[in-house]
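Read through the structure below, which is laid out as structure tokens, and then see the notes.
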Amino acid sequence: MPYPYVLLSAAVSLDGYLDDTGPERLLLSSPADFDRVDEVRASVDAILIGAGTIRADNPRLLVNSPERRAARAQAGKPEYPLKVTVSGSGDLDPDANFWHTGGEKLVCTTDKGAERAGTLGLAADIVPLGPDLDWRRLLEHLHDVRGVRRLMVEGGGTIHTQLLQQGLADELQLVLAPLFVGDPDAPRLFGPGAYQGGRLRLTETRRIEDVVLMRYEPTAPGTGPLPSAADHHWLALACDLADRCPPSRTAFSVGAVIVAADGTELARGHSREGGDPVVHAEEAALAKLAPTDPRLATATVYSSLEPCAHRASRPKPCARLILDAGVRRVVTAWREPDTFVAGADGSGLLAAQGVEVVVLEEYAERAKAPNDHLAG
């Protein structure tokens with residue numbers, strides 16, 4: 001199921017703390033950065049925080065700029081984004097600022113937590129997610145039921161940690177403040193546990209008065225049937241590569257990217273690349289790597305159209321080339337229609353040989369666009 005774009009936003013001290021242990025909230029951002037955060041809030045459909053952050057900071061989570069609120073209204077959006085909190089227990093303070101400012105509010109909780117929250121008279125919709133908190137189910141609800149396409153997550157550290165560890169964060173916006181906390185009892189941004197491997201991609205650095213904003217994107221592919229945020233990034237790139245294909249009325253336009261387990265891009269290709277009228281995208285990408293490259297065994301192939309299972313122009317179809325390369329995971333956007341080959345099923349051929357095939361159907365229209373001129 002499609003999820004919203006998940007943006008994690010946090011400010012930390014030089015030694016990685018979100019706050020100190022004093023009675024007042026430690027202000028880590030500068031005035032100009034608070035205004036930047038306000039701009040980001042105005043750009044999203046929903047803002048999410050944990051119940052612990054409500055208890056610790058008592059935030060209002062508003063878009064403070066009247067001009068930005070007016071621009072949202074002019075665009076047909078609510079003046080304020082939806083405010084979402086997550087609580088496993090349903091133990092919430094009905095007097096907190098969260099409930100009495102801004103627009104609509106939503107509580108996502110467990111079945112038992114919903115019973116408790118329902119007795120508090122909160123001015124909010126309460127959504128039970130089952131016996132335990134399930135982040136994927138929560139994101140599906142926000143996307144499918146609430147129409148949330150961009151979600152800003154402002155903490156706390158436990159929530160940021162869980163979303164990153166489960167591969168559900170599309171972007172991290174981290175502000176580094178020029179001070180130290182040094183208190184082992186103070187809350188930290190990230191906790192221990194198993195994170196996805198590889199390095200995040202740095203997409204922006206910006207000095208804002210005396211703090212520094214750093215924006216990162218995850219790069220490491222998922223490892224099983226559940227897609228990671230990086231899977232979306234790489235498949236979007238494959239769809240972009242399909243737009244580069246020389247047009248043809250006898251073949252599909254397809255883009256492909258091969259990515260190592262640590263998030264390193266190994267190769268990319270697209271249909272009819274280099275003037276070859278019959279080369280396929282996956283074939284073009286694989287040809288740029290040594291067949292014995294040890295990284296292929298744990299790599300993921302991203303293809304805007306499922307790899308072909310039958311072809312007349314080459315001895316081996318792309319699904320067979322992938323199998324011969326030892327790749328065990330493929331992410332695609334679109335199943336091959338019967339335009340040129342009846343009953344094409346490259347995904348089935350791969351799956352029968354133990355390859356994990358993940359289909360992200362939300363990219364199907366994007367993958368089909370370069371092929372709109374073809375019948376069928």
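Results for (1) modelled with pLDDT under 95; (2) assigned by TED's automatic domain parsing to the domain that holds ARG329, shown as yes or no for each residue.
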residue	(1), (2)
THR205	no, no
ASP240	no, yes
CYS245	no, yes
VAL257	no, yes
GLY275	yes, yes
ALA285	no, yes
SER304	no, yes
Worksheet entry | Condition check for GLY274: free of Cβ contacts under 8 Å to residues at least 24 places away in the same chain and among the small types (Gly, Ala, Ser) | yes
Fill in: Boolean, LEU120 is part of a loop (DSSP other than H, G, I, E, B) and either over 30 Å from VAL327 (Cβ atoms) or touching a Cys at 6+ places or on another chain (Cβ under 6 Å) (or both)
yes
Response to the item:
Over segment 240-254, the set of residues in a helix (DSSP H, G or I) and over 12 Å from ARG268 (Cβ atoms) is none
Item to complete: Of all residues in segment 12-28, count the ones that are under 25 Å from the mean Cα position of the chain (by Cα), surrounded by 19 or more Cβ atoms within 10 Å (Cβ to Cβ) and part of a loop (DSSP other than H, G, I, E, B).
Response: 1
Worksheet entry | THR109 vs. criteria among the hydroxyl-bearing types (Ser, Thr, Tyr), farther than 22 Å from LEU172 by Cα and under 28 Å from the mean Cα position of the chain (by Cα) | yes
Item to complete: Tell me, please, whether a residue that is on the phi > 0 side of the Ramachandran plot and loosely packed, with under 14 Cβ neighbours inside 10 Å can be found in segment 55-71.
Response: yes
Worksheet entry | Single match in ARG314, ARG335 (criterion: over 20 Å from TYR302 (Cβ atoms), among the basic types (Lys, Arg), assigned to a loop (DSSP other than H, G, I, E, B) and in the same structural domain as ALA299 (by TED's automatic domain parsing)) | ARG314
Item to complete: Could you tell me whether segment 339-348 includes any residue that is part of a helix (DSSP H, G or I) and free of Cβ contacts under 8 Å to residues at least 40 places away in the same chain?
Response: yes
Practice prompt. Can you confirm whether segment 82-100 contains a residue that is without any contact (Cβ under 8 Å) to a residue 60 or more places away in the chain, among the aliphatic types (A, V, I, L, M) and surrounded by fewer than 20 Cβ atoms within 10 Å (Cβ to Cβ)?
Written response: yes
Discussion item. Looking at VAL127, VAL175, VAL181 in this structure, which one is buried (at least 16 other Cβ atoms within 10 Å of the Cβ), among the hydrophobic types (A, V, I, L, M, F, W, C) and assigned to a loop (DSSP other than H, G, I, E, B)?
Written reply: VAL181
Practice prompt. Answer yes or no: is there a residue in segment 14-23 that is over 30 Å from PRO178 (Cβ atoms) and either without any contact (Cβ under 8 Å) to a residue 40 or more places away in the chain or of a type in the set (A, V, I, L, M, F, W, C) (or both).
Written response: no
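The rows are residues; the columns are (1) at pLDDT below 95; (2) within 13 Å of ILE49 (Cβ to Cβ).
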| site | (1), (2) |
| --- | --- |
| SER87 | no, yes |
| LEU92 | no, yes |
| ILE126 | no, no |
| LEU142 | no, no |
| ILE159 | no, yes |
| GLN165 | yes, no |
Worksheet item: Can you name every residue in segment 198-245 that is aliphatic (A, V, I, L, M), under 15 Å from the mean Cα position of the chain (by Cα) and under 19 Å from VAL327 (Cβ atoms)?
Response: ALA220, LEU226, ALA230, LEU235, LEU237
Worksheet item: From the list ARG41, ARG72, ARG55, which residue is free of Cβ contacts under 8 Å to residues at least 40 places away in the same chain, in a helix (DSSP H, G or I) and either more than 19 Å from VAL148 (Cβ to Cβ) or of a type outside the set (A, V, I, L, M) (or both)?
Response: ARG72
Worksheet, complete the sentence: Exactly one of ALA309, ALA319 is in a loop (DSSP other than H, G, I, E, B) and touching a helix residue (DSSP H, G or I) at 6+ places or on another chain (Cβ under 9 Å), and that one is ALA309
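The values are calculated or read from the model by the stated rules, or taken from the named source; none is laboratory data. Being a predicted model, the structure only gives us computed values, none of them experimental. As a convention, Cβ positions derive from the backbone with ideal geometry for all residues, glycine included, and neighbour counts pool all protein chains shown.
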